[in-house]
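Student: I'd like to ask you about the structure that follows.
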Amino acid sequence: MNAPFAATALDALRADLAARPTELYIDGAFAAAASGETIEVIDPATGQVFAHAAAGGAEDIDRAVKAARRAFDGWAATPPSQRARLLLKLADLIEQHGEAIALTESLDNGMPFMMAKFAGVFGAADQLRYNAGWATKITGETMQISWPGEWQAMSLREPIGVVGAIVPWNFPFVMAVAKIAPALAAGCTVVLKPAEQTPLSAAKLGQLIAEAGFPAGVVNVVTGYGTTAGAALVEHPLVDKISFTGSTGVGKSIVRAATGNLKRVTLELGGKSPTLIFADADLDKAIPAAAMGIFGNAGQVCAAGSRLFVHQSIYERVIEGIAARAQSIKVGAGLAPGTEMGPLVSAKQLERVLGYIESGAGEGATVGVGGGRIEGDGYFIQPTILTGTASGMKVVEEEIFGPVLCAMRFGDDDLESIATSANATEYGLSSSIWTRDISTALKMAKKIKAGTVRINGGGGVDPAMPLGGYKQSGWGRENGRSGVEAYTELKSVTIGL
Ligand code: NAI
Ligand code: MG
């Protein structure tokens, strides 16, 4: 099979990354961390260090936040059409540099190159183009009020101010862009803090932001560790809002840290999303979708369908189908030809996922297929199905964030009790329903407590569709109108006539 990228491009990228650490992008200039420290960036397919990134700390964050603060008034006053033009220009630049970005993302995170290209590069360009449209369409309202006398009343939407964007390592590039794009459209300025495991595509994003011609300080990129750079950003008194995607534990610590100046906080956290397959479902579609819903990106997906509920009449057939897919998935390095599933992102994540599989077995679940590490230096794991799982088990309650499916069956129960099982989780991010009965589908869609319900397919994220969680899956929504409005303050203005 021909590689979908030029080998020379990969060689050039590797040489470039090996030659010098990536830098911070602060106030329109590139710089090393004030401490001079760097992060060792590991290729999860080999376990080897292949690059270094600046390890920004509190001092760098302070410089970046102050630059964003200084840039704010000018950016907020920039005509929205001009803000849109810059977002569109960045989208074009991202596509022009698409191969290098996808190669970087694949090396850094381990995901298959094609996923890095479609979900990462094209997904990011889509986010920018969609949100560029909002820049000129953010509006307030006019209201009828009942005070005595004559009044004109209206609401204005204003940009919130300086935004701290903290993103995780599972889809590093598109998530960074998905936070920056609506913030900039709304007129906010940004300090981006990527995950320490995957800092490289964000560093590249900083270069493209400079090339696109955004004014200095409008976007700043500070690579660094969560407990240092991330914590400093969350605590900084000049930051008006934090938009965070990551673990529920860190999300809660951000809420506490944000109380200092009562920052606005948007959180997109973990999930334990159910996939429900009813007896009348189109299994030719449901089986592969359920399989890739948990094995895609090695299960490191916040909306992964990690709890499977299947009607007992088709349970064996569905499990056999998913098991066959699990065993046929080509696991390998993201840049190896034909790879469908890459390694887990880090040694820590591998240990965590293997620990969960062991705990499931300890609690009485059966490892149907997979269950083990794939020997070698990389952080590869087999696609895994646990059967005989039940609520109360750790593997059913907690987010594993690996390619591990917990399979359960239901009988001819009423929809209410099926929904009760599906909702028996502290999370509520996503869900999938497979049935040909429109009434069953819609009744379930209403009963499920999750921010997203997918009926008969639809695995991706679209910038037009609100994304976020019920319960402990988060606060607020990203994407869509609500996503851009989350970067605004609403002001009521009344005029006595
Ligand atoms: P994490 O929540 O620690 O990391 C996410 C981001 O938060 C990174 O940029 C990190 O540097 C930053 N961060 C960490 N501590 C911080 C702090 N005190 N203040 C500010 N920022 C901080 O996630 P981690 O530890 O890498 O992964 C652990 C688990 O979290 C995973 O197994 C998975 O269950 C969940 N997770 C969920 C994600 C999602 O998309 N919802 C993404 C990543 C992880
Ligand atoms: Mg952590």
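The values are calculated or read from the model by the stated rules, or taken from the named source; none is laboratory data. Since this is a predicted model, take the numbers as computed values, not measurements. Cβ: placed from backbone, ideal geometry, glycine included. Neighbour counts: every protein chain shown. Please note that ligands, DNA and RNA were not included when accessible areas were found on the heavy atoms of the full protein model with its side chains. Shrake-Rupley method; radii C 1.70, N 1.55, O 1.52, S 1.80 Å.
Student: Binning at 5 Å from 0, report for region 302-406 what percent of all alpha-carbon pair distances ends up in each bin.
Tutor: The percentages, shortest bin first, are 2, 13, 23, 24, 20, 11, 5, 2, 0.
Student: Okay, moving on. Amide H of Thr275: which non-local residues (sequence gap of 5 or more, or other chain) have their own amide H closer than 5 Å, using H built in the peptide plane?
Tutor: Arg307, Leu308, Phe309, Ser432
Student: What helices in the chain pass both tests, a Cα length along the helix axis of 15 Å or more and a mean Kyte hydropathy of -0.5 or higher, using whole DSSP H runs?
Tutor: Membrane-span-like by this rule: 7-19, 58-77, 80-96, 98-109, 172-186, 200-212, 283-295, 315-328, 347-362.
Student: Okay, moving on. Name the residues whose placed amide hydrogens come within less than 5 Å of the amide hydrogen of Ala34, ignoring near sequence neighbours (fewer than 5 apart) on the same chain.
Tutor: Gly57, Asp60
Student: Give the lysines whose C-alpha is closer than 21 Å to that of Lys179, dropping any in the same chain fewer than 8 places away, or say none.
Tutor: Lys179 reaches Lys66, Lys89, Lys117, Lys137, Lys193, Lys204, Lys241, Lys252, Lys263.
Student: Here is a further query. Using Cα positions and a limit of under 16 Å, work out the aspartates and glutamates in reach of Lys443, with same-chain residues fewer than 8 apart set aside.
Tutor: Cα-Cα hits under 16 Å: Asp280, Asp412, Asp413, Asp414, Glu416.
Student: What part of the accessible area of region 127-265, given as a whole %, is carbon or sulfur when the probe is 1.4 angstrom?
Tutor: Heavy-atom surface of region 127-265 belonging to carbon and sulfur, 1.4 Å probe: 57 percent.
Student: Ok, one more. Please compute the modelled spin-label separation between Ser81 and Phe30, points set 7 Å along Cα→Cβ, answer in nm with one decimal.
Tutor: It is 3.4 nm.
Student: Turning to a different aspect of this structure: Find the accessible area per residue for the chain; the probe is 1.4 Å, ligands and nucleic acids are left out, and the unit is Å².
Tutor: Here the per-residue accessible area is 40 Å².
Student: Take the Cβ-Cβ distance between Glu320 and Glu416 as r, set R0 to 30 Å, and report the resulting FRET efficiency rounded to the nearest 0.05.
Tutor: For R0 = 30 Å, the calculated efficiency reads 0.55.
Student: What Rg and what Dmax come out for region 371-497 when only alpha-carbon atoms are used, in angstroms?
Tutor: 19.6, 77
Student: Next up: Report the longest stretch of the chain that contains none of the trypsin sites (Lys or Arg not before Pro) sitting in a DSSP loop with at most 12 other Cβ atoms within 10 Å.
Tutor: 138-329
Student: Right, next: Which value results when the Cα radius of gyration for the chain is divided by 2.2 N^0.38 Å?
Tutor: Cα Rg divided by the expected 2.2 N^0.38 Å: 0.99.
Student: Give the cross-link partners of Lys491 among the aspartates and glutamates, using a straight C-alpha distance below 15 Å as the criterion and excluding same-chain residues fewer than 8 apart.
Tutor: Glu141, Glu158
Student: If each residue of separation counts as 0.36 nm, what is the full-extension length gain between Ala19 and Gln48 once their alpha-carbon separation is subtracted?
Tutor: Contour length minus Cα-Cα distance gives 8.9 nm.
Student: Okay, next question. What does the charge count near Ala31 come to, summing +1 for each Lys or Arg and -1 for each Asp or Glu among other residues with Cβ under 12 Å from its Cβ?
Tutor: Surrounding charge for Ala31 is -3.
Student: Is the C-alpha gyration tensor of region 1-103 telling us rounded, prolate or oblate? Criteria: a/c under 1.5 is rounded; beyond that, a/b larger than b/c is prolate, otherwise oblate.
Tutor: The shape class here is oblate.
Student: Which whole-Hz couplings ³J(HN,Hα) result when phi for each residue of region 461-472 is put into the Karplus expression 6.51 cos²θ - 1.76 cosθ + 1.60, θ = phi - 60°, listed in order with x for Gly and Pro?
Tutor: 10, 10, x, 7, 9, x, 9, x, x, 7, 6, 8
Student: With loop defined by DSSP as not H, G, I, E or B, and exposure as at most 14 other Cβ atoms within 10 Å, which is the longest segment of the chain clear of exposed GluC sites (Glu not before Pro)?
Tutor: 151-374
Student: Let me ask something else about it. Name the residues of region 478-497 whose amide N is less than 14 Å from a point 7 angstrom out from the Cα of Gln152 along the C-beta direction?
Tutor: Hits in region 478-497 for Gln152 at 14 Å: 493-497.
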